[in-house]
Amino acid sequence: MSTILISGGTVVTASGTLDADVLVAGEKIAAVLARDVTGAGEAAVAADRVIDATGKYVLPGGIDVHTHMEMPFGGTFSADTFETGTRAAAWGGTTTIVDFAVQAKGTSLLATLDKWHAKADGNCAIDYGFHMIVSDVNDTTLKEMDACIGAGVNSFKMFMAYPGVFYATDGEILLAMQQAARSGATVMMHAENGIAIDQLVAQAIAAGRTDPVNHGLTRPPELEGEATSRAITLAKVADCPLYIVHLSASQALAAVAEARDAGQNVFAETCPQYLFLSLDDLARPDFEGAKFVCSPPLRPRDHQDSLWRGLRTNDLSVVSTDHCPFCFKEQKELGRGDFSKIPNGIPGVEHRMDLLHQGVVAGQLTLPRWVEVASTTPARMFGLYPRKGVIAAGSDADIVIYDPQARQTLSVATHHMNVDYSAYEGMEITGRVVTTLSRGRTVIDDGKYLGAAGHGAFLPRGLNQYLL
Ligand SMILES: [Zn+2]
């Protein structure tokens, strides 16, 4: 079994920082050696390879629990395959993704899962799991939810948005929540009032308001707040754990905070685009705003402060990307003259760790909290801990060596996602990934990709570890 010693670095975990060397044996972390106790020498002699991490952070690999690789949407597919998307993730220090298998109406959940395995298996550079999108609630689907859990998929996403596509009625949501509650599975919710939004969209189009900014204006934050409250109420009635995906609005955050204060099993994530981008980007001229169309939409800038505060108070527990890239040419352009036809999604799987590090630099997050929201909590929330999400003996050797002093500029010219624009073009970043290990294998090192499609393995997941 080959061994690697990562020496001289500062190990950062959710519980704090430690001057320690990390010994990797094969695919696992064998030991974390506090330098003031052990002295680096002995382990170094024994290791096959020594990585000098002096002046660097040594982090558990990032876990992005919300990605959409090659996802069908509006007659097209998101532009990253599992191969290109997981490679880009590794460049940015993410070593696990949890992607969404998407049930089409009239199909079964298990057939859907098979289909997503066929897309991902043998193609991923890093490990991966699946959530299941339930878009057709019926007796068969409800029974199949237990079989999905048996197959390592125990989080089910539903939509209060997108009528006619993924939308589920309150009654259907209640049935699925009751079913999930019987086994302890978590229901994930896209909480926007799609019925009301569709009316606002139709009014805007009829009035000739067709530019991308209208995507944001027809999905007001109040309708995210309302849907979030309704989802929380339904989950309470069903006694089902609830996880609000891509929370963007302070109204929705207030609803989550109130439920959490009352002791309900309600959790929420936000995404970097809601922390760093705003409605102003959607309003960029010459159809540029289409690059920033996602749902929920980018909000007026004053929502950002409450989201950062929510991350500090743990009312927002996770930051994922909702990575769903569509090229500007030919994909986003489908919505020229009608914003409602712009494919929804923003690329981001490569930049989550770097963008959140800017929160550390700016004093909005502590260093351990950065690791917690980007790795440790996602692992616990979705049943991957302690195999993932921590630097500890026995855990998978998913390790990122991060240079907190390095400078980089985000750009389509240098990113690795398979998409023809960057939502963060020109943004100056402090910090950068130097090395990414996935189960002991070097995937990224000093500006080179050394991984391989097919190294990444499917991760059957356990239940949410925050439930009492
Ligand atoms: Zn999504």
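The values are calculated or read from the model by the stated rules, or taken from the named source; none is laboratory data. This is a predicted model, so every value here is computed, not measured. FYI the Cβ positions are ideal-geometry reconstructions off the backbone, even for glycines, and counts take in every protein chain you see. Just the protein is used for accessible areas: all its heavy atoms, side chains included, with ligands, DNA and RNA removed. Shrake-Rupley method; radii C 1.70, N 1.55, O 1.52, S 1.80 Å.
Of the residues making up the range 135-166, those that are of a type in the set (Ser, Thr, Tyr) and over 23 Å from the mean Cα position of the chain (by Cα) number 2.
With touching a residue at least 40 places away in the same chain (Cβ under 8 Å), in contact with an Asp or Glu (Cβ under 6 Å, 6 or more places away or on another chain), crowded, with 21+ Cβ neighbours inside 10 Å and in a helix (DSSP H, G or I) as the only criterion, which of Glu224, Glu192 stands out? Matching residue, one of Glu224, Glu192: Glu224. Find the residue count for the range 64-81, including only residues that are open to solvent by less than 40 Å² (accessible area, probe 1.4 Å) and either in a loop (DSSP other than H, G, I, E, B) or touching a strand residue (DSSP E or B) at 6+ places or on another chain (Cβ under 7 Å) (or both). Total meeting the criteria: 10. The residue of the range 123-161 that is farthest from Gly106 (Cα to Cα), among those that are open to solvent by 20 Å² or more (accessible area, probe 1.4 Å) and out of contact with any helix residue (DSSP H, G or I) (no Cβ under 7 Å at 6 or more places or on another chain), is Gly150. For the range 359-371, a tally of residues being in contact with a Leu (Cβ under 9 Å, 6 or more places away or on another chain) and either within 23 Å of Arg439 (Cα to Cα) or not small (Gly, Ala, Ser) (or both) returns 6.
Whenever a residue of the range 1-20 is without any contact (Cβ under 8 Å) to a residue 40 or more places away in the chain, its partners that are among the polar types (S, T, N, Q), lying with C-beta atoms within less than 9 angstrom and at least six residues away or across chains, give the pairs Leu18/Thr10; Asp19/Thr10; Ala20/Thr10; Ala20/Thr38. In the set Asp322, Asp338, only one residue is at pLDDT 95 or above, open to solvent by 10 Å² or more (accessible area, probe 1.4 Å) and under 13 Å from the mean Cα position of the chain (by Cα); that residue is Asp322.
Taken over the range 195-221, residues that are in contact with a helix residue (DSSP H, G or I) (Cβ under 7 Å, 6 or more places away or on another chain), of a type in the set (S, T, N, Q) and surrounded by fewer than 21 Cβ atoms within 10 Å (Cβ to Cβ) amount to 1. Here is the figure for the range 356-379: residues that are part of a helix (DSSP H, G or I) and either within 16 Å of the ligand (Cβ to nearest atom) or crowded, with 22+ Cβ neighbours inside 10 Å (or both) total 12. When the range 162-189 is filtered for residues that are within 16 Å of the ligand (Cβ to nearest atom) and surrounded by 14 or more Cβ atoms within 10 Å (Cβ to Cβ), the ones remaining, listed by number, are Tyr162, Phe166, Tyr167, Ala168, Thr186, Val187, Met188, Met189. In this structure, Val165 does not satisfy being more than 28 Å from Gly335 (Cβ to Cβ) and not in a strand (DSSP E or B). In the range 248-269, the qualifying residues are those that are buried (at least 24 other Cβ atoms within 10 Å of the Cβ) and part of a loop (DSSP other than H, G, I, E, B), and the one that is nearest to the ligand (Cβ to nearest atom) is Ser248.
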